[in-house]
Amino acid sequence: AKMARLVNDLLDDARIEQGNLALAKDKVNMQKLVEDAVGMQKEFALASNVKIKESYKSKHLDVVADKRRISVVLDNLISNAIKYIDGKGVVEIILEDAEKGMIQVSVRDNGVGIPRAEQQNIAEKFFRSNNSIKNKTDGTGLGLYIAKNIIEQSGGSLWFESIENVGSEFYFTLPIPEKAKLKNKSLI
């Protein structure tokens with residue numbers, strides 16, 4: 001599974017570099033996507049002594065996005081959050097309404113945080129923080145770079161806040177169907 005992820009990351013990276021990351025524009029239920037992503041990480045969380053909490057505060061649950069790619073983004077943010085918790089901890093995923101026509105997803109952890117000096121480099125290609133090296137977490141250094149590009153090409157934004165030894169919170173927004181022009185009629 002790690003090898004497959006690396007290959008997919010590298011393929012996505014090549015597509016981003018060439019401006020060829022073709023994204024589907026489907027109507028997707030964000031709550032279902034979050035629940036599925038959490039389900040995929042349940043065992044890892046359990047083994048890591050991490051509790052995952054979800055809260056759905058948004059009036060709108062549908063977004064317009066590429067279902068498979070947004071699953072990759074969620075998977076990346078949730079697994080990172082679990083990975084960077086040293087010992088016992090909590091990862092919280094919050095779905096809420098953002099500015100007009102957008103839904104915001106937050107992934108919050110009480111992990112080791114990202115050193116301030118490294119924060120501006122976090123979404124650069126192949127960047128791995130000293131914390132990730134110190135805590136022996138594995139990764140390609142491509143996950144956030146790809147996630148940021150997927151979200152931006154979907155019409156949203158990705159950003160984060162982090163305090164060392166307190167935790168990190170990653171946020172991203174996606175457009176809701178009324179605001180996005182559905183290119184194709186397939187509503188999944």
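Could you grab the pairs with beta carbons closer than 9 Å, sequence gap of 6+ or different chains, first residue in the range 102-118 and more than 18 Å from Asn49 (Cβ to Cβ) and of a type in the set (D, E, K, R), second one assigned to a helix (DSSP H, G or I) and open to solvent by 10 Å² or more (accessible area, probe 1.4 Å)?
Glu118/Asn130
Can you pull out the strands (runs of 3 or more DSSP E) entirely within the range 20-89 that have at least 1 residues that are at pLDDT 95 or above, over 18 Å from Lys148 (Cα atoms) and of a type in the set (S, T, N, Q)?
Here the list reads 26-29, 50-56.
Taking Val73, is it of a type in the set (A, V, I, L, M) and under 14 Å from the mean Cα position of the chain (by Cα)?
When the stated conditions are applied, Val73 passes them.
Which members of the range 76-105 meet the condition of being surrounded by 18 or more Cβ atoms within 10 Å (Cβ to Cβ) and not β-branched (Val, Ile, Thr)?
Across the range 76-105, the qualifying residues are Asn76, Leu77, Ser79, Asn80, Ala81, Lys83, Tyr84, Gly89, Leu95, Ala98, Met102, Gln104.
Where in the range 98-188 are there strands (runs of 3 or more DSSP E), lying wholly inside it, with at least 2 residues that are modelled with pLDDT under 90?
Numbers: elements: 102-109, 158-163, 167-175.
Of the strands (runs of 3 or more DSSP E) lying wholly inside the range 98-188, those with at least 2 residues that are modelled with pLDDT under 90 span 158-163.
The values are calculated or read from the model by the stated rules, or taken from the named source; none is laboratory data. Please read these numbers as outputs of a predicted model, since none were measured by experiment. We place every Cβ from the backbone using ideal geometry, glycine too, and count neighbours over all the protein chains shown. For the accessible areas, the whole protein counts, side chains as well, though only heavy atoms, and no ligand, DNA or RNA atoms are used. Shrake-Rupley method; radii C 1.70, N 1.55, O 1.52, S 1.80 Å.
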